[in-house]
Amino acid sequence: MDLPILEIEDEFCSKLANTNRLVLEAPTGSGKSTQVPKFLLKGGFLDNGEAVVLQPRRIAARMLAKRVSWEIGESPGRTIGYQVRHDRVSSRDTRVHFVTEGILLRRMIADPDLKGVSCIVFDEFHERSMHADLTLARALMLQRTKRPDLKLIIMSATLDASELSTYLEPCEIVKSEGRTFPVEVGYIDNRSANSDLPIWELAANATAEGLKTQSEGHALVFMPGAFEIGKTIAALGRRLSARGFELLPLHSELSAKDQDRAVEGGNRRKVIVATNVAETSLTIDNVRLVVDSGQARIARYDPIRGINTLWIERISNASAKQRSGRAGRTAPGKAIRLWTERENANRALFEEPEVRRVDLSEMLLSLLATGIGSVDAFEWFERPNEERLADAVQLLRGLEAIDDDGRLTARGRKMSGFPLHPRFASMLLAAKGFGCVEEMALAAALAQSRNILLRKVDKAVEKRREALWGEGGKSDLIAQMFAWKAALKERFDMRFCQELGIHAQSARQVLKVANQLSQYAEASGLLEGGKEVAADEADIRKCLLWGFPDRVCRRLDSGTLRCSMVGGRRGNLARESLADGSELFVACEVNEIGRQGGQVNTVFNLCSAIDVEWLEELFPDLFSDAEETAFDEKQKRVVERRVIRFQDLEISSKESLEPDPGKAAEVFARLIEDGKAKLAKWDDDVEHFIRKVNFVASTFSEYGFEAIDEDARTLILEQCCMGIRSMKDLKRKEVMPVLHEWVGPETLAMVEKELAEKIKLENGKPARLRVDAEGLLTLSAKIQCLYDIPDTPKFCQGRATPRIELLAPNMRPIQMTTDLKAFWSGSYEGIKKELKGRYPKHEWR
């Protein structure tokens, strides 16, 4: 049966010849991953350079290269090759390289212009890995500047092509409809879904039942990881005949030989238990039954460890649809989903793009290493969360990978050479200087893995542990290193591990990670110079600081476990931590535990004691020793302190109750401006005097004295606060004398002459002049005092006409007017009639 993708070969080649950006929309199983590279070869698009085909997984890159090589009658490494981490098969004749996405990004770091590359193919772009997003954006920048000849092909099974084409504009779109047979989709019932059976037992039951009705073809079971795959195969072995079925795992940790066994043909029917590697890219022929756990391991930021971690999560409807479709490639099939139909309606439609859910520091470092000058100008397909981006910048700055302007440092460039999270790259780079690279490879492996030491062990186990690590008792991580080495020596013997309370399986997994990190270090030249000697424990703890400078903590008091961390975070040191006798420590894990009432308890784990001198030695730019004047809330007074800080974390301070008067005045002035304190005698009379000064200044500009603006008010406030030490002093401090001294005697005389508050009118009667909060001049007087004043009087040498506030005999306002003459001829008679009855003894004209 011909592959559906072959029907659009002519259209594909025609459009690609006329454009350098093409989107191919084709469903899973249509043949795009294997046939598009051959289109490029046959169409002459690779005559002057190679094609790099990006794959989201190593197993897919290797097996696709093998498949395409077989189809053109060659072995891998000739025309078709591949490169994944720790494995490369290619030659000078290779025209198509299947690679994982990280490989191309690292190639961009070494060769920003991608010399010798004619075409980049982004396969399975709908999975929206951050590597793919980042590499596509970087390739677009390159195409628009130095490489207009570079062709970009983006292939997707489920992504909305219109959204992608808008980002790539101008571009061409080619669609292949594909062909699949009908697949019957079934769900488990509520009783099974709510049972206590683990997911592998549910899968084994469903597979055994499904195979009773599905008499032909293979079965494909989807599980989230290698652990669950192993459990599922064991459960299937108890239910299925070994003669009738071959049970095979399929995941990235297997050898190439074992991966091939799962995918290639055989004499018996297969039950293949796979991760989501079999969801896309790889096509396993003759699958008629799919059993889907509905789970996958998803990369997500782990705030506890400060790195990205794989979490088991529910897959989206789009992924579930792709998995089900695997049963209908060659004939009608059946898919069994291990969740209820009702639950299916609540699943997300698509997977959340990786750029929204992971720590961005590693990608940001790689991006800068490719030659990007500014992250702000980078054209993301989907821009990440601004807060997460700011966090990544802050971490890289703390690791000294970038400078204050966001540019890559020499240290950052070296760190970018490691395919690691920047925290661990920083640790290994620091370890080179201390001669403990292999020790730090182990420490980094333990720091990013599950704790190998079991909690809540008995006294006997505790004593055996203490005897094992002895002086290593200041670091939880070094204690784990001692325990792990002891377990390794005993080849992770189960009985030995139980005696020390070691989680044997976790310890075995650490071995693989530690070996990988050692290989990265060796490849980067960090292990040159022969075998290392045993590292000093202080050096190991210093290297930990290079990975977690944002996790430095200080005990707030010796009587409790309360601590403060860089960034202003508060929490408690884990009760069982070996760093409990130290004032300063670095925490590799920060765990937030929810409590009743919505409260969160922050606990610092995996801690190692550090010395304050190390902070000044290793991070002089983040370490400060300064004198400062501040208000002490407890004492309710200003104190002068000499404060030592690491970033924003106060390490120590010495206090004096006799601060510099000027600095103390500045502190109290800020408190008053922020509304946290008050000068008792800065009252309405003071504010009115300031308004009078400003009114006269604006009315008589020729006299040249300045109004009291906000800056002047702040300086006057500081003058008022001179000599003040405590809140009590604020109650007694006089303000008006300071204000009079500020404006000076000449200005004061001018203000009193032109705008005296208590005046006598032309008829000899008393009145009051004031400037209100809006800066308007107002004359207040009783009606009787305004008799014989026919019109609104003027003040300030005739330059200012006030509003008139007319008062009743009880001195309460009854009318406001700007035209006294109109008042007498208008509303006065009505007011007189009303008030005369209430105040008959007063004169009424």
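Details
- Order of M415, M811 under a 10 Å beta carbon neighbour criterion, fewest first: M811, M415
- The Stokes-Einstein estimate for region 660-802, based on a Kirkwood radius over Cα pairs and taken at 10 °C with 1.306 mPa s viscosity, is a diffusion coefficient of 94 µm²/s.
- Nearest-ten-degree value, helix 437-447 long axis tilted from longest Cα axis of the chain: 80
- For D189 and W311, the FRET efficiency from 1/(1 + (r/R0)^6), where r spans their Cβ atoms and R0 equals 41 Å, is about 0.90.
- Gain on full extension, evaluated as 0.36 nm per residue between N572 and K821 minus their Cα-Cα distance, stands at 82.0 nm.
- Taken over region 4-175, the convex hull of the Cα atoms encloses 106 Å³ per residue.
- Helical content alone sets the calculated 222 nm signal of the chain at -11500 deg cm²/dmol, taking -39,500 (n - 2.57) per DSSP H segment of four or more residues and averaging over every residue.
- Considering only M494, W469, A444, the residue lying farthest towards the positive end of the dipole of region 442-518 is M494, judged by Cα position with unit charges set on Cβ.
- Note on S558/Q394: beta-carbon distance plugged into 1/(1 + (r/R0)^6) with R0 of 41 Å gives a FRET efficiency of 0.85.
- Of the peptides 566-572, 22-28, 87-93, the order by per-residue mean of other Cβ atoms within 10 Å, starting with the highest, comes out as 22-28, 566-572, 87-93.
- Subset of K634/K663; K676/K753; K634/K681 violating a 28 Å alpha-carbon distance limit: K676/K753
- (i) 37.9; (ii) 32.2; (iii) 33.7, with the label sought being that of the calculated Kirkwood radius over Cα pairs in Å: (iii)
- Degrees separating the helix 684-699 axis from the principal Cα axis of the chain, which is the longest one: 80
- Shown here are the Rg and Dmax of the Cα trace of region 190-288, at 13.1, 40 Å.
- Simple label model, 7 Å out from Cα along Cβ direction - R356 to R838, nm: 6.7
- Nearest 10 degrees, 0 to 90: helix 537-547 Cα axis against the chain principal axis: 70
- For the chain, with +1 on Lys and Arg beta carbons and -1 on Asp and Glu, the positive-most of S156, V89, G675 along the dipole: S156
- Computed with the Debye formula from one identical point scatterer per Cα of region 183-352, without solvent, the log10 of I(q)/I(0) at q = 0.20 Å⁻¹ comes to -1.43.
- Efficiency of FRET from Cβ geometry, A523 and A467, R₀ 51 Å, rounded to 0.05: 0.85
- Subtracting the Cα-Cα distance of A630 and D258 from their residue separation scaled by 0.36 nm leaves 127.2 nm.
- Across the options S726, V743, A707, the greatest Cα extent toward the positive end of the charge dipole of region 684-754 (unit charges at beta carbon of Lys, Arg, Asp, Glu) belongs to S726.
- Between S656 and D149, the contour length at 0.36 nm per residue exceeds the alpha carbon distance by 175.5 nm.
- Lysines with Cα under 20 Å of K66, excluding same-chain neighbours fewer than 8 positions away: K32, K38, K42, K257
- Among D196, D476, D711, the order by Cβ neighbours within 10 angstrom, fewest to most, reads D196, D711, D476.
- Estimated translational diffusion coefficient (Stokes-Einstein, Kirkwood radius over Cα pairs, 25 °C, 0.890 mPa s) of region 361-541: 136 µm² per second.
- Relative contact order (%) - criterion: Cα under 8 Å, at least six apart; region: the chain: 7
- DSSP beta bridges fully contained in region 4-175 are about 10 percent antiparallel.
- Taking only Cα atoms of region 112-196, radius of gyration then Dmax in Å: 19.2, 62
- Ranked from largest, the principal axis spans of the Cα set of region 756-845 equal 38, 26, 23 Å.
- Computed on region 758-838, with alpha-carbon pairs under 8 angstrom and 6+ residues apart, the relative contact order is 21 percent.
Read-outs: derived from the displayed coordinates by stated rules, not from any lab. It should be emphasised that the depicted structure is a prediction, and the values quoted were computed from it without experimental measurement. Glycine gets a Cβ as well: all are built from the backbone with ideal geometry, and neighbour counts include every protein chain shown.
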